[in-house]
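Trainee: Below is a structure I'd like to ask you about.
The values are calculated or read from the model by the stated rules, or taken from the named source; none is laboratory data. Here the structure is a predicted model, which means the values were calculated and not measured. Glycine also receives a Cβ, built like all others from the backbone with ideal geometry; neighbour counts cover every protein chain displayed.
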Amino acid sequence: MPEVAGALAHHTDFDAIVVGAGPAGAAAALVLARAGKRVALIERGPFPGSKNMYGGVVYPRILDQIIPEWWLEAPVQRWITRRSTMFMTETQALNVDFRTEAWGHPPYNGATAYRPDFDNWLAGKAVEAGAELICSTTVTGLLHDSSGHVSGVTTDRPDGDLTAPVVIACDGVNSFLAKQEGLYGEVDAANYTLGVKETLALPKQVIDERFGVRGNEGVDIEIVGCTGEVNGGGFIYTNLDTIAIGLVLKLPKLAAQKKRPEELLAAMKLHPAVAPLVEGAELKEYSAHLIPEAGYSMLPQLAGNGMLVAGDAAALCLAAGFWLEGVNFAIASGMYAGETAAEALTLGDTSAKGLRGYRRRLEQTFVLKDHKKLRRAPALVLSDRVQHGYPAMANAIAERMFRVDNPEPKPGVRHILKQERKRAGLKWIDMARDTWTGFRSFG
């Protein structure tokens, strides 16, 4: 019988090696362990989540498929029941605010969580299922067999190499392993943003009063127009007794001007719409990391001979204006990578052909369906008009609408719109194009 490309070696340390114990890696290891496979989950930090910076909202409903009633035990800070989008200028802010009681009850919608707690909990589920967690270990490269297929990893440990027929790279943004294997093309800085975040401590009662919530209700505020000359966006999220506040900044724009990210964040904290929310807070943490912002257009090759890529390592982060999601895509892609690897191991073929079911799984679910549908959204959201022109026009229209100029009569809405559009430097043809792009993306 001829040898199958990528056929399983008889003497390997593990059936599968998962690099990175974030949500993607933990989900992959959990699925593999439950399938009865010998799986190593390697984490460079002292524990899962120790190296993660996160200032966002977790949308964990995908966990329904692998951890029933996960909300009874997941280490959640608050359940998001209020979602706001703020359009800001230097002195103005227009807020679109929504809240619902439905999101405060099972099965919930989104939650704030500390990533060290959440990642450690999810990785613990993989360990309970039989995965071997190896912490404080940095993967330094890939091993290959005589046919050139990935056959394991090298590490910084003295006893070094670990072998397995399949490696799942969940090693985060700008994946070293995916690049080494040639699964990424040329890296374009325009596809990335820099996320900077401060965690500010305030008493729970103060947070509840300032944000208008009670109990474990939480607030998610997304902000456009708060980053000065740098295109990007801002966010404020409530934890139990801390606030996460931060910015995402487009790298080329950030490099082109002289202000540092922390200066831009300090300026946003002084804005009249933000300052009352953070007044008197104590800085607990400052952190920063890269975010893959371009979505579908920057996806790498997702499978190779003996290798799969998941989570941020595969650029599976959805940054599309209304929808800012990452952890749910990481968990789902890790879960489907684990399913594909388990299937390939059972069939004895971990070649790229044997692993092609991974992309099929992603294409049949929200992971790639959402990315494909919203592929035009990142460029639109980070455009100069959306970042600067539209917030200026929207705030000016609101101010004119609500301002009483007696003895002058009230101007008509069309008159205000015409004047403020011109003042913001917006052309009808560009607005029509943006409307069409928005409709094709979000409609």
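Trainee: State whether one or more residues within region 145-152 are surrounded by 19 or more Cβ atoms within 10 Å (Cβ to Cβ) and touching a Phe, Trp or Tyr at 6+ places or on another chain (Cβ under 7 Å).
Mentor: Going through region 145-152, the residues surrounded by 19 or more Cβ atoms within 10 Å (Cβ to Cβ) turn out to be 149-152.
Restricting the remaining residues to those that are touching a Phe, Trp or Tyr at 6+ places or on another chain (Cβ under 7 Å) gives none.
No: region 145-152 contains no residue that is surrounded by 19 or more Cβ atoms within 10 Å (Cβ to Cβ) and touching a Phe, Trp or Tyr at 6+ places or on another chain (Cβ under 7 Å).
Trainee: Out of (1) of a type in the set (D, E, K, R); (2) part of a helix (DSSP H, G or I); (3) more than 25 Å from residue 230 (Cα to Cα); (4) more than 16 Å from the chain's Cα centre (by Cα), the odd one out for residue 385 is which?
Mentor: The single condition residue 385 does not satisfy is (3).
Trainee: May I ask you to list pairs of residues, at least six apart or on different chains, whose Cβ atoms are under 8 Å apart, with the first in region 1-24 being assigned by TED's automatic domain parsing to the domain that holds residue 43 and more than 19 Å from residue 154 (Cα to Cα) and the second being modelled with pLDDT of 50 or more and acidic (Asp, Glu)?
Mentor: Listed pairs, sorted by first residue: 22/119; 22/312; 23/119; 24/312.
Trainee: Mind listing just one residue for me: the one in region 143-168 that is in contact (Cβ under 8 Å) with a residue 40 or more places away in the chain and outside any strand (DSSP E or B) and, of those, nearest to residue 19 (Cα to Cα)?
Mentor: By that ranking, first place goes to 164.
Trainee: Considering only region 243-261, state which residues are touching a helix residue (DSSP H, G or I) at 6+ places or on another chain (Cβ under 8 Å) and free of Cβ contacts under 8 Å to residues at least 60 places away in the same chain.
Mentor: 243, 247, 249 - these are the residues of region 243-261 that are touching a helix residue (DSSP H, G or I) at 6+ places or on another chain (Cβ under 8 Å) and free of Cβ contacts under 8 Å to residues at least 60 places away in the same chain.
Trainee: Picking from 218, 232, 280, which residue would you name as being surrounded by 15 or more Cβ atoms within 10 Å (Cβ to Cβ) and either modelled with pLDDT under 95 or on the phi > 0 side of the Ramachandran plot (or both)? Spell out the reasoning first.
Mentor: Numbers: 218 fails: either modelled with pLDDT under 95 or on the phi > 0 side of the Ramachandran plot (or both); 280 fails: surrounded by 15 or more Cβ atoms within 10 Å (Cβ to Cβ).
Of the residues listed, the single one that is surrounded by 15 or more Cβ atoms within 10 Å (Cβ to Cβ) and either modelled with pLDDT under 95 or on the phi > 0 side of the Ramachandran plot (or both) is 232.
Trainee: Being over 22 Å from residue 230 (Cα atoms), aliphatic (A, V, I, L, M) and in contact (Cβ under 8 Å) with a residue 12 or more places away in the chain, is that true of even one residue in region 398-412?
Mentor: Checked against the condition, which is being over 22 Å from residue 230 (Cα atoms), aliphatic (A, V, I, L, M) and in contact (Cβ under 8 Å) with a residue 12 or more places away in the chain, region 398-412 yields at least one hit.
Trainee: Still on this structure: For region 215-263, what are the residues that are farther than 30 Å from residue 103 by Cα and not in a loop (DSSP other than H, G, I, E, B)?
Mentor: 250, 251, 252, 253, 254, 255, 256, 261, 262, 263 - these are the residues of region 215-263 that are farther than 30 Å from residue 103 by Cα and not in a loop (DSSP other than H, G, I, E, B).
Trainee: Now a separate question. Against the condition touching a residue at least 12 places away in the same chain (Cβ under 8 Å) and over 22 Å from residue 91 (Cα atoms), how does residue 264 come out, does it pass? Can you show your working first?
Mentor: Working: touching a residue at least 12 places away in the same chain (Cβ under 8 Å): yes; over 22 Å from residue 91 (Cα atoms): no.
No; evaluated as a whole, the condition is false for this residue.
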